[in-house]
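Asks: Below you'll find the structure I mean.
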Amino acid sequence: MRLEKIQAFLKEKAWKYSYTEQDGVGSIDFENRGLAYHIWEFSDEGYGDTDDVTYGAESNVRTGGRQEDFYGDYEEEIIEVIRNWK
């Protein structure tokens, strides 16, 4: 299971959401106040001789209509954006 922190946050808020997982990355869809939100996790494999894999997530939680990429501790960053909704 992926995106566990975000799922726990949404459960705490008692918001309905759907979760799917494919190819080792997760996806969450939920609604709030009539707007649809999406969180799509992705992985970018390194190039050349490196085996590095970078994970991130694409979401519209900040703007509603436009997707943006989150990297690093992306789950915490997305949760913080949602916490600051007015």
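Read-outs: derived from the displayed coordinates by stated rules, not from any lab. Not measured: the values here are computed from a predicted model.
Asks: Let me see the pair-distance distribution of the chain: every alpha carbon pair, 5 Å bin width, integer percents in order.
Replies: Histogramming the chain at 5 Å steps yields 3, 13, 26, 26, 16, 8, 4, 2, 1, 0 percent.
Asks: Tell me, what is the percent relative contact order of the chain, built from C-alpha pairs under 8 Å that lie six or more residues apart?
Replies: 21 percent
Asks: Next question. Show that you can apply the helix-only estimate: for the chain, add -39,500 (n - 2.57) for every DSSP H stretch of four or more residues, divide by all residues, and state [θ] at 222 nm to the nearest 500.
Replies: So the calculated ellipticity at 222 nm is -7000 deg cm²/dmol.
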